[in-house]
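Single-structure report; data block below.
The values are calculated or read from the model by the stated rules, or taken from the named source; none is laboratory data. Please read these numbers as outputs of a predicted model, since none were measured by experiment. Here the Cβ positions follow ideal geometry from the backbone for every residue, glycine too, while neighbour counts run over all protein chains shown. Note: areas computed on protein heavy atoms with side chains; ligands, DNA, RNA excluded. Shrake-Rupley method; radii C 1.70, N 1.55, O 1.52, S 1.80 Å.
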Amino acid sequence: MSEVSVIEVKNQSELKQFVRFPMDLYKNNPYYVPSFIKDEFKIWDAKENPALNYSKSKQFLALKDNKVVGRIAVIINHKEEKELGIKKVRFGWIDFIDDKEVSKALIQKAIDYAKEHHIDKIEGPMGFTNLDKAGMLTMGFEKLATMIGIYNHEYYPKHLEDLGLTKEKEWVEYEMNFPKILPEKVEKFSGLIAQKYKLKVLNFKSKQEILPFVEPMFKLLDETYKHLSTYTPISDEQIQTYREKYFPFIDKNYVICVVDENNELVSFAITMPSYSKALQKSKGKLFPFGWWHFLQAGKKNDRANFYLIGIHPEYQRRGVTAIIFKEIFVRFTSMGIDFAETNPELEENKSVQVLWQDYNPVNHKRRRTYSLMISNE
């Protein structure tokens, strides 16, 4: 039996193997959605990824018979340690064939990295920050993945559990068959709330009109989620990075902003047409022909994805969501959207999950991070 060896990624050729491995692993899988290849390379470039200014990381490839059979990245986020007092090695970008010797060798690299830095815990899969993909899929393997969710084979969780890793955090995702008729209480309540608190929905005439609200959206995101134990504030550099990464795909009709009488942002929701099939057809590339698939997905689509939603704490219990959902209903109906899918939400974050309660949500996916305590003796 051939032995498994693990090498550190040291050059561009090895990084290319690291980035492309999951595309080979899931080549014939109808549910896997590739990431943009160009963006994956940028993640490991300090000029492109501001998180590398306060983090250290390494990437590894697992080899068997001189063939790549797995990959893993290990990360130490010093900002997380400084601001939250959390000291751990994050592991992510973990993929492997159904061979327990391979998964064992990869996890051992995370353990070794933790010991090397005198850290007693590893956790993953997760990225550098809160806005990176996180959570290994444990339910919903037969569901089409989204742009912002990790997809993995069903055997992945079993491998990690057999290696002694246990559940750390759980995320849930919901799918909704969007109603043809707006619930009466939402229709009535949205008007009352808007009048009572002097709120209004902004109607953007162009994408450029959204730009002044990008930074306020991220600041409001901080206010919305800062109570969660794992949340770290988003830096100005990160805001710029995410703006450059996702703004090209934003459609003004899918962005809802609610402001008060002083034009201050109190709530927002960013949705997008589902680009999953477009990404599959483009194989992770916008050029030379990938842009066409994205253009078509934006023009004609019956499915939308929720990406970000923020509500100022002062308004979270005042029914502002009724205003957002009335506006979403009007826009989705006009665009022929029949189905909507939420982004991954921490299981403990009930205040966000309650937003969907009037739309008969179905919990169709679950994912979790796994952790292991390390002895440094």
inquiry  = Multiplying the sequence separation of Gln12 and Lys47 by 0.36 nm and subtracting their Cα-Cα distance, what value in nm do you get?
reply    = 11.0 nm
query = Taking only C-alpha pairs under 8 Å that are 6+ residues apart, what is the relative contact order of the chain in percent?
reply = 23 percent
request  = Taking 7 Å along the Cα-to-C-beta vector as the label spot, tell me the Asn262-Lys207 distance in nanometres, rounded to one decimal.
outcome  = 3.2 nm
inquiry  = If DNA, RNA and ligands are ignored and the probe is 1.4 Å, what is the ranking of Met139, Met23 by accessible area, most exposed first?
reply    = Met139, Met23
task = Note the direction-averaged projected area, equal to a quarter of the hull surface, for the Cα convex hull of region 52-173, in nm².
result = 8.3 nm²
key: Pair Lys158, Phe247: separation of 7 Å Cα→Cβ label points (nm)   = 4.7 nm
query = How big is the gap, in Å, between the Cα center of region 319-377 and the Cα center of region 160-205?
reply = 6 Å
task = Subtracting the Cα-Cα distance from 0.36 nm times the residue separation, let me have the gained length for Glu116 to Lys226 in nm, one decimal.
result = 36.5 nm
task = For the chain, give the percent of accessible area contributed by carbon and sulfur heavy atoms, probe 1.4 Å, rounded to a whole number.
result = 50 percent
Filtered trypsin sites (Lys or Arg not before Pro), region 184-272: DSSP coil and at most 14 other beta carbons within 10 Å = Lys198, Lys205, Lys226
remark   = The helix 214-225 Cα axis meets the longest alpha-carbon principal axis of the chain at an angle in degrees, between 0 and 90 and rounded to 10, of 80 degrees
inquiry  = I'd like the orientation of helix 290-299 relative to the chain: the angle between its Cα long axis and the longest Cα principal axis, in ° from 0 to 90, rounded to 10.
reply    = 30 degrees
inquiry  = How far apart, in nanometres, would the label points at Asn376 and Lys299 be if each is projected 7 angstrom from Cα along the Cα-to-Cβ direction?
reply    = 5.8 nm
inquiry  = To test your reading of the geometry: what angle, between 0 and 90 degrees and rounded to tens, separates the Cα axis of helix 12-25 from the longest principal axis of the chain?
reply    = 70 degrees
query = Roughly how many Å² of Lys67 are accessible to a 1.4 Å probe, to the nearest 10?
reply = 140 Å²
remark   = Expressed in square angstrom to the nearest 10, the accessible area of Lys365 with a 1.4 Å probe stands at 10 Å²
task = Mind grabbing the accessible area of Glu345 for me, 1.4 Å probe, Å², rounded to tens?
result = 10 Å²
key: Considering only the chain, percent of DSSP beta bridges that pair antiparallel, nearest 5   = 90 percent
note = When the charge dipole of the chain is computed with +1 on Lys and Arg Cβ and -1 on Asp and Glu Cβ about the Cα centre, the Cα farthest towards its positive end, among Tyr155, Ile270, Leu295, belongs to Leu295
inquiry  = Students often get this wrong, so try it: which of [x] 21.9; [y] 20.4; [z] 27.4 is Kirkwood radius over Cα pairs in Å as calculated from the structure shown?
reply    = [x]
request  = Express the accessible area of the chain per residue in Å², computed with a 1.4 Å probe while the remaining protein chains stay in the model.
outcome  = 49 Å²
inquiry  = Over region 243-377, what is the relative contact order in percent, taking alpha-carbon pairs closer than 8 angstrom and at least six residues apart?
reply    = 22 percent
message = List the chymotrypsin sites (Phe, Trp or Tyr not before Pro) within region 269-377 that DSSP assigns to loop and that have no more than 14 neighbouring Cβ atoms inside 10 Å.
response = Phe289
